[in-house]
Amino acid sequence: MITKVTPDKAGRIVIPKLVRERLRLGFGDSLALRSDGECVTLQPVRLQAPLKKEYGIWVNQGEATDASITDLLDREREKRLGDLC
């Protein structure tokens, strides 16, 4: 998808809603910016956690896996409990 955007006076650009939805970008999400000559690339910076809660539902953010959702939730829960101790 190619979309034309124009920076405002402060140099900011707006990422179109359709692109944000396709990339599952929300308020506060981080993007990595790379520049190479005349080319600028923005790439979402994803958390290490394979699961993210969206609208109250856990969604797998990582690569496809054969693990069950229950296994993924258990692993994430154990990791977070380990971080607390």
Scan region 14-41 residue by residue and report those that are in a loop (DSSP other than H, G, I, E, B) and touching a strand residue (DSSP E or B) at 6+ places or on another chain (Cβ under 9 Å).
-> I15, L23, R24, L25, G26, D29, S30
Starting from residues that are surrounded by fewer than 10 Cβ atoms within 10 Å (Cβ to Cβ) and hydrophobic (A, V, I, L, M, F, W, C), keep the ones in region 1-31 and report whichever is nearest to P44 (Cα to Cα).
-> F27
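FYI, it's all coordinate maths here, none of it is from the lab. All figures in this text were calculated on a predicted structure; none of them were measured in a lab. With ideal geometry, Cβ positions are generated from the backbone for all residues, glycine too; neighbour counts draw on all protein chains shown.
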